[in-house]
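Structure, as structure tokens:
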């Protein structure tokens with residue numbers, strides 16, 4: 001009994017240290033794994049592998065369109081600019097020395113293309129507003145990059161929702177009402193409400209960026 005109690009106390013005191021060490025170790029491991037994954041992906045982009053460009057489209061396209069839409073009033077133009085980015089990268093055989101350089105290139109291309117579009121369209125007020133809200137057409141700060149990365153992670157999380165839940169949530173993001181979605185999918189409005197709540201609960205981690213996204217969609 002005494003030995004068991006002693007062992008238990010010793011384990012408890014050691015555990016306080018080991019938990020902290022374990023958490024730090026896991027963080028370091030996750031960072032290393034993430035960096036290895038990013039390096040491997042970047043090498044495939046530099047080698048112009050179709051598989052890498054497919055991943056680029058799947059993981060970055062939605063967030064880049066949203067980012068372009070923060071400058072533009074037309075979703076179609078935003079989509080065209082993102083597609084132009086991918087085509088340009090492929091045709092010009094663009095390569096990158098680091099993952100941060102890769103991300104900066106993506107968002108800077110979108111930003112400059114959007115501002116150039118506004119300038120050429122003569123949309124003076126919108127162009128001035130975009131410049132005021134986003135510094136200059138040459139600047140892209142770390143905070144802005146981080147925000148757009150959060151958009152990308154949000155869309156990845158939405159993609160992982162159960163199929164029906166994801167379908168309903170995306171339709172609601174398009175501005176469709178519960179009754180309208182229910183009629184489209186031929187299910188009850190109560191089911192719509194339940195699925196939307198499930199989606200929001202699963203996306204709680206991204207609540208801040210989700211609010212920003214909804215604001216940009218319905219502005």
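The values are calculated or read from the model by the stated rules, or taken from the named source; none is laboratory data. Bear in mind the structure is a predicted one, so any value in this text is a computation, not a measurement. Every residue, glycine as well, gets a Cβ built from its backbone with ideal geometry; the counts of neighbours run over all protein chains shown.
Is at least one residue of region 58-72 at pLDDT 90 or above, in contact with a helix residue (DSSP H, G or I) (Cβ under 7 Å, 6 or more places away or on another chain) and assigned to a helix (DSSP H, G or I)? Before the answer, list the steps.
Residues of region 58-72 at pLDDT 90 or above: none.
Among the residues of region 58-72, not one is at pLDDT 90 or above, in contact with a helix residue (DSSP H, G or I) (Cβ under 7 Å, 6 or more places away or on another chain) and assigned to a helix (DSSP H, G or I), which makes the answer no.
Does region 140-165 hold any residues that are within 30 Å of residue 38 (Cα to Cα), surrounded by fewer than 17 Cβ atoms within 10 Å (Cβ to Cβ) and at pLDDT 85 or above, and which are they?
Within region 140-165, 162, 163 meet the criteria.
Please list, ordered by first then second residue, the pairs with beta carbon atoms under 6 Å, 6 or more apart or interchain, first in region 68-82 and at positive phi, second surrounded by 15 or more Cβ atoms within 10 Å (Cβ to Cβ) and not in a helix (DSSP H, G or I).
Listed by first residue and then by second, the contacts come to nothing, as the list is empty.
Restricting the search to region 83-108, which residues are crowded, with 19+ Cβ neighbours inside 10 Å and at pLDDT 90 or above?
85, 89, 102, 106
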